[in-house]
Ligand SMILES: Cc1cc2nc3c(=O)[nH]c(=O)nc-3n(C[C@H](O)[C@H](O)[C@H](O)COP(=O)(O)OP(=O)(O)OC[C@H]3O[C@@H](n4cnc5c(N)ncnc54)[C@H](O)[C@@H]3O)c2cc1C
């Protein structure tokens, strides 16, 4: 029996390892010369594999109900077992699990060595599968003017448009489309945001703990925000890019104190020579409060008693609800992942098998589901690879 795994990214590599005890030939096809190219870049080169805080709310899909059903898998709570099975040793940094080696390249090379040691596995790099056809109970994969037949196929081709210069959407999703699958709307996410006439240009390089959200929305993203030459980045911004709509958003610069508390604390210091700058310095770095004071026409030498109500209200709204317009996501070359992909309606989410084509499975970013930054996407690749591998093993029982 022969199983094809198409794509040696996180999901493909994990699938091959999860199938290591299967009595069948496992052929892993990768178009690139470098296996797991994207995985080598993860976690700032340190590979952030999962997160302590993990629930369905941390993932996005156009099929909310099926997303929740998929994540009911027992492997979500048992994800640490999956990483143990993959041999990835990790350490906790707050909520994030980082590879113990802190070296994603070394980790990927170890995973590839593990596959090469598997007696049932064959890594076939620099082969792009250009077509797939059903032939009786089997599937014919086409590459380099050749065809090869397989009983089972795991499609783990990812969703990135730029990293491997794979061409357009039709090219990336060519195989699922060929099999009759629908591809939902796709877009790059976990990207920094670019702001036209970036108002923060002068303070690029600075970071702070802030809050970002769509205007009028209750869904807020809290955490580190980094000012860049082009706009804003950092974990809170990358996460927000998954839900960002339109061309404006609201940014808050104070975390841990709501507006009313801020107001109370501020006016409490009305008596005496309390500088506004000293008060603001409790919440943000000097160049950031100076930027705000300048924007609101408040001198850095002003005391709290010097600030009139109008200027204070202006300062308060800038600190808590600064509206940024002319905002855009960056493109695929700066994105960590793709939102959208193979429609979950056409996949049995309990097995990751195609509902349209028996023995075809999906794993990883190729499907219409993506997570926040912080280990959620590698976890998703591991969970779906495990579900697909188990379902294939169950077929042969
Ligand atoms: C800079 C960066 C940092 C990141 N950091 C993290 C992090 O710390 N934690 C986290 O959880 N996630 C992180 N991610 C996201 C994570 O890398 C992806 O979610 C994950 O790699 C998706 O795995 P995948 O196997 O589904 O897709 P991919 O890794 O994209 O792999 C798909 C593979 O399929 C191959 N392929 C495609 N079509 C064909 C074909 N027709 N024939 C043969 N081969 C084909 C591609 O060449 C590719 O190698 C990061 C992403 C980036 C870009």
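Going through (1) surrounded by 11 or more Cβ atoms within 10 Å (Cβ to Cβ); (2) more than 18 Å from residue 318 (Cβ to Cβ) one by one, residue 218 falls short only on (1).
In the set (1) in contact with a helix residue (DSSP H, G or I) (Cβ under 8 Å, 6 or more places away or on another chain); (2) closer than 18 Å to residue 371 by Cα, residue 95 fails one condition alone, (1). Residues in the range 145-170 that are near the ligand (Cβ under 10 Å from one of its atoms) and either modelled with pLDDT of 95 or more or surrounded by 14 or more Cβ atoms within 10 Å (Cβ to Cβ) (or both): 9 in all.
The one condition from (1) closer than 17 Å to residue 227 by Cβ; (2) in the same structural domain as residue 66 (by TED's automatic domain parsing) that residue 345 does not meet is (1). Mind counting the residues in the range 352-374 that are modelled with pLDDT of 95 or more and within 8 Å of the ligand (Cβ to nearest atom)? Number satisfying all stated conditions: 6.
How many residues does the range 108-135 contain that are assigned to a helix (DSSP H, G or I) and touching a helix residue (DSSP H, G or I) at 6+ places or on another chain (Cβ under 8 Å)?
Pass one, the range 108-135, residues assigned to a helix (DSSP H, G or I): 108-117.
Remaining after also requiring touching a helix residue (DSSP H, G or I) at 6+ places or on another chain (Cβ under 8 Å): 108, 111-112, 114-115.
Summing the residues that are assigned to a helix (DSSP H, G or I) and touching a helix residue (DSSP H, G or I) at 6+ places or on another chain (Cβ under 8 Å) in the range 108-135 gives 5.
The set of residues from the range 238-287 being touching a strand residue (DSSP E or B) at 6+ places or on another chain (Cβ under 6 Å) and under 16 Å from residue 224 (Cβ atoms) comprises 239, 240, 241, 251, 252, 253, 255, 284.
Within the range 256-266, does at least one residue satisfy the condition of being surrounded by 17 or more Cβ atoms within 10 Å (Cβ to Cβ), more than 18 Å from residue 213 (Cβ to Cβ) and either over 23 Å from the mean Cα position of the chain (by Cα) or not assigned by TED's automatic domain parsing to the domain that holds residue 217 (or both)? The answer is yes, given that some residue of the range 256-266 is surrounded by 17 or more Cβ atoms within 10 Å (Cβ to Cβ), more than 18 Å from residue 213 (Cβ to Cβ) and either over 23 Å from the mean Cα position of the chain (by Cα) or not assigned by TED's automatic domain parsing to the domain that holds residue 217 (or both). In the set (1) over 30 Å from residue 188 (Cβ atoms); (2) exposed (fewer than 13 other Cβ atoms within 10 Å of the Cβ); (3) out of contact with any helix residue (DSSP H, G or I) (no Cβ under 7 Å at 6 or more places or on another chain), the condition left unmet by residue 65 is number (1).
Of 147, 157, which residue is part of a loop (DSSP other than H, G, I, E, B) and at negative phi? If you could, list the steps in order and put the result at the bottom.
Details: 147 fails: part of a loop (DSSP other than H, G, I, E, B).
One residue alone meets the criteria, 157.
If you go through the range 172-182 one residue at a time, do you hit one that is free of Cβ contacts under 8 Å to residues at least 12 places away in the same chain, within 13 Å of the ligand (Cβ to nearest atom) and surrounded by fewer than 18 Cβ atoms within 10 Å (Cβ to Cβ)? Scanning the range 172-182, I find at least one residue that is free of Cβ contacts under 8 Å to residues at least 12 places away in the same chain, within 13 Å of the ligand (Cβ to nearest atom) and surrounded by fewer than 18 Cβ atoms within 10 Å (Cβ to Cβ), so the answer is yes. Scanning the range 375-393 for residues that are near the ligand (Cβ under 7 Å from one of its atoms) and farther than 17 Å from residue 347 by Cβ gives 375, 376, 377, 378, 379. For residue 34, indicate whether it is more than 7 Å from the ligand (Cβ to nearest atom), within 22 Å of the chain's Cα centre (by Cα), assigned by TED's automatic domain parsing to the domain that holds residue 364 and over 24 Å from residue 151 (Cα atoms). Answer is yes for this residue. The single condition among (1) over 26 Å from residue 384 (Cα atoms); (2) without any contact (Cβ under 8 Å) to a residue 12 or more places away in the chain that residue 168 does not satisfy is (1).
Residue check: residue 20 meets all listed conditions (1) outside any strand (DSSP E or B); (2) within 26 Å of residue 141 (Cβ to Cβ); (3) within 15 Å of the ligand (Cβ to nearest atom) but one, namely (3).
Filtered by the rule that a residue be more than 7 Å from the ligand (Cβ to nearest atom) and at pLDDT 95 or above, the range 37-48 gives 40, 45, 46.
Filtering 66, 76 for residues that are over 17 Å from the mean Cα position of the chain (by Cα) and outside any loop (DSSP other than H, G, I, E, B) leaves a single hit, 66.
The values are calculated or read from the model by the stated rules, or taken from the named source; none is laboratory data. Since this is a predicted model, take the numbers as computed values, not measurements. Glycine gets a Cβ as well: all are built from the backbone with ideal geometry, and neighbour counts include every protein chain shown.
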